1. What are the residues in the range 76-91 that are of a type in the set (G, A, S) and within 10 Å of the chain's Cα centre (by Cα), if any?
2. Can you give me the ranges of the helices (runs of 4 or more DSSP H) entirely in the range 47-132 with at least 3 residues that are at pLDDT 90 or above and among the hydrophobic types (A, V, I, L, M, F, W, C)?
3. Mind checking whether some residue in the range 14-27 is at pLDDT 85 or above, in contact with a Cys (Cβ under 6 Å, 6 or more places away or on another chain) and surrounded by 21 or more Cβ atoms within 10 Å (Cβ to Cβ)?
4. Is it true that G32 is at pLDDT below 85, in a loop (DSSP other than H, G, I, E, B), small (G, A, S) and more than 23 Å from K125 (Cβ to Cβ)?
5. Would you mention how many residues in the range 60-93 are farther than 15 Å from L15 by Cβ, open to solvent by less than 80 Å² (accessible area, probe 1.4 Å) and of a type outside the set (A, V, I, L, M, F, W, C)?
6. Among the residues of the range 94-131, what is the count of those that are among the β-branched types (V, I, T), exposed (fewer than 14 other Cβ atoms within 10 Å of the Cβ) and within 19 Å of L31 (Cα to Cα)?
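The values are calculated or read from the model by the stated rules, or taken from the named source; none is laboratory data. Everything quoted here is computed from the prediction, not taken from an experiment. Don't worry about glycine lacking a Cβ; one is built from the backbone with ideal geometry, like all the others, and counts go over all protein chains shown. Side chains included, ligands, DNA and RNA excluded: accessible areas come from the protein's heavy atoms. Shrake-Rupley method; radii C 1.70, N 1.55, O 1.52, S 1.80 Å.
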Amino acid sequence: MKRKRPIGITLLAVLSALAALAAFFYALQLLGILPIHFGDVKFFTPQTSWIGAILWALLGLIYLWVARMLWIMDPRGWGFTVVLSTLNLILAVLSIIGRSTWQTMLATVIINGLILLYCVLPSTKEAFFVKQ
């Protein structure tokens, strides 16, 4: 029997898809493919920009996979979302240390912060059968 997806879990899936889009945006910007940008994204030196691009692209792909898990209410989706949002926040901090501007990383920090905060709410844990 299929469970009805709560509106909050739908919101979490949509936020995850937005986080994936932001990650892809940063990856394309680091590769110099994107003609528009909202600030400088750098990953330490120009020679290591491809490393940052690979990391952001991988996180974007994984976030798409996790968004699908959330959409279909796969119980494993909650755990992956917590781990992935934490990793995304860590990569954003590394990007800031590596000379990206705070304003550029602000979108991903806000999105992933909201995702992480929403994941630790008791109602979200309950929806995914996570014990308190």
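1. S85
2. On the way: elements: 49-71, 76-97, 102-119, 122-127.
Per the criteria, 49-71, 76-97, 102-119.
3. The answer is no; no qualifying residue exists.
4. yes
5. 3
6. Total satisfying the criteria: 1.
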